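Below you'll find the structure, written out as structure tokens, and then a few comments.
Since every read-out is calculated from the coordinates, none of them should be taken as a lab result. No experiment lies behind these values; they were computed from the predicted model shown. Glycine also receives a Cβ, built like all others from the backbone with ideal geometry; neighbour counts cover every protein chain displayed.
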Amino acid sequence: MIYLDTNYLIDGLREGSQANHDLTSWLQAGTEVTISSIVWFEFCCGPLSQIDQEQARIVFPQPEPFLAEDGEMAAFLFNATGRRRQLFRDCLIAATVIRANGRLATDNRDDFELFVPHGLKLID
């Protein structure tokens, strides 16, 4: 299962972008692609158009929920990687992907690579 980071979701809706190409290819190949509820939250904070929100809701009707065990893993990631406030939401996203044994597609690799030693898998 491939999980999209917020920036990849936003870019995935932009025709002609690499993320749009990747997303289209994955979906056409039958690859399961989803987002976490944390990504959905960030995405809905906008700015975004109603059309973008409707398109995303069609492609991702049921984002992966954030569970109590994700909270524990996110806290571990936060503490293990230096307690940097700017990574707080990234810890939440990474924890969900780790629990679900998925792979994360992101344009923000530098921040998420900190979580790889703790079980996060990134898309190359």
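Here are the numbers for this structure:
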item	result
Filter result (farther than 21 Å from GLU32 by Cβ and within 13 Å of the chain's Cα centre (by Cα)) within the range 93-114	ASN108, ARG109, ASP111
Of all residues making up the range 94-124, the number that are over 18 Å from TRP40 (Cα atoms), aliphatic (A, V, I, L, M) and in a helix (DSSP H, G or I)	2
Members of the range 1-43 that are assigned to a loop (DSSP other than H, G, I, E, B), under 19 Å from ALA95 (Cβ atoms) and not hydrophobic (A, V, I, L, M, F, W, C)	ASP5
Failed criterion for LEU27 (all others in (1) on the phi > 0 side of the Ramachandran plot; (2) without any contact (Cβ under 8 Å) to a residue 60 or more places away in the chain hold)	(1)
Some residue of the range 71-84 being among the charged types (D, E, K, R) and under 16 Å from the mean Cα position of the chain (by Cα)	no
Filter result for GLY102 (over 18 Å from ARG14 (Cβ atoms) and touching a Phe, Trp or Tyr at 6+ places or on another chain (Cβ under 6 Å))	yes
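Table: residues versus (1) without any contact (Cβ under 8 Å) to a residue 40 or more places away in the chain; (2) polar (S, T, N, Q).
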| residue | (1), (2) |
| --- | --- |
| GLY16 | yes, no |
| ALA19 | no, no |
| SER36 | no, yes |
| LEU48 | yes, no |
| ARG57 | yes, no |
| PRO65 | yes, no |
| GLU72 | yes, no |
